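Below is one structure, written out as structure tokens; comments come after it.
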Amino acid sequence: MRHVGDDNDVYLFGLLFYDLVFTGLPKPPTPGEELWTGGMASGPGGIANFAVALARLGIRPVLAAAFGDDAHGTLCWDFLADEGVDLTCSQRFADWATPVTVALSYDDDRALITHGTPPPTLHTTTQESMPSTKASIVHLDPVADISVLDLPGLVFADVGWDPTQQWRPELLRQLEHCHAFMPNEVEAMAYTRTETPRNALKKLADVVPIAVVTRGARGALAVDKLTGEHAEVDGINVDCVDSTGAGDVFGAAFVHATLTGMPLRERLQFANKAAAISVQRPGGATAAPTLPEIVGTVLA
């Protein structure tokens, strides 16, 4: 029998959303305009993208997230349970609504609109109740500090969009306790106050053992100070339907590749391929590929 905390589990902590994604839009809507589109997906998003992507790669995720005791929370909870995500450390709250994000996808990009309030505190985030896992994945909060000191195993971190547009450099102090940091190029340059992804990578490599900067369709670059490796991979040319959650799918695949001992370049290639498969279909968690899909799919 398996238990929470087996060595091949990964603990995840972060914000969960119910995602509603519209794809195939010819352009952003303008005030007073109604656009129709034939493409749509819905399901759990945020940290749940990581959880589903890991589960489909054969790693059991142990998710600590807040769910509202509402219809959206129930849909997310049931979807994740069906995917094999361990929800022992998650909680449902009767007087709090699950945040909802609407993603509008057009021209290989997307805009996001989110409705919600900060989640209640999880009782399972205390040190006494923390499971023992090989690794952890955490969404760092760009506004409020999140302690990563007590997270189990190797800590892989990423960060979301900063609604204040301040991009506080103090956030980088948390990386001293992380194993890896995986921001996109906009986030990396903003937090390091640099003007190129490579310069941002250099600064991040000064504070975290493994620094990765993702560049969407332009690929990714990384430094692993533990092995002395530097690597850069180009993007994969595919028809992008929806990029929602692609960075999370990349991150989950990179964690999987790291835990299985791949060299840095192969880790980037594996993660890049997973993300390239995911953008060819709508949705975030719903678009995450399985391990056989990644291994068996040939992309230019």
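The values are calculated or read from the model by the stated rules, or taken from the named source; none is laboratory data. The shown structure was predicted, so the numbers you read here are calculated from the model rather than taken from an experiment. Quick reminder, even Gly has a Cβ in these numbers, built from the backbone with ideal geometry, and neighbours come from all protein chains shown. These area figures cover heavy atoms from the full protein model, side chains too; ligands, DNA and RNA do not enter into them. Shrake-Rupley method; radii C 1.70, N 1.55, O 1.52, S 1.80 Å.
Before moving on, here are some points about what is shown:
- Zone of residue 291's modelled label, taken as backbone nitrogen in region 34-70 under 12 Å from a point 7 Å along Cα→Cβ: 54-60
- Partners for residue 203 among lysines (Cα-Cα distance below 29 Å; same-chain residues under 8 apart left out): 134, 225, 273
- When the chain is treated as a Gaussian network with alpha carbon springs shorter than 10 Å, the biggest mean-square fluctuation among 29, 282, 197 belongs to 29.
- Sum of side-chain charges, residue 61 neighbourhood, beta-carbon under 9 Å (Lys, Arg +1; Asp, Glu -1): -2
- What separates the Cα centres of region 14-69 and region 235-275 is a distance of 18 Å.
- For the chain, the residue among 41, 177, 72 whose Cα projects farthest onto the positive side of the dipole built from Cβ charges is 177.
- Under 10 Å, Cβ to Cβ, from residue 84 - net charge with Lys/Arg +1 and Asp/Glu -1: -1
- Within a Gaussian network of the chain (alpha carbon springs, distance under 10 Å), most fluctuating of 287, 190, 111: 111
- Charge tally in the Cβ shell below 10 Å around residue 289, where Lys, Arg are +1 and Asp, Glu are -1, residue 289 excluded: +2
- Residue 150-residue 35 pseudo-label distance in nm [points 7 Å out on the Cα-to-Cβ vector]: 4.4
- With an a/c value of 1.5 or above and a/b not larger than b/c for the gyration tensor axes a ≥ b ≥ c computed over the alpha-carbon atoms, region 67-123 is described as oblate.
- Rounded percent of accessible protein surface that carbon and sulfur make up, region 11-95, 1.4 Å probe: 57
- Protein accessible area in region 153-233, 1.4 Å probe - carbon and sulfur %: 52
- Reach of residue 27 by Cα under 19 Å, taken over aspartates and glutamates that are not fewer than 8 positions away in the same chain: 107, 108, 109, 239, 242
- Take the chain with all the other protein chains still there, run a 1.4 Å probe, and you get 46 Å² of accessible area per residue.
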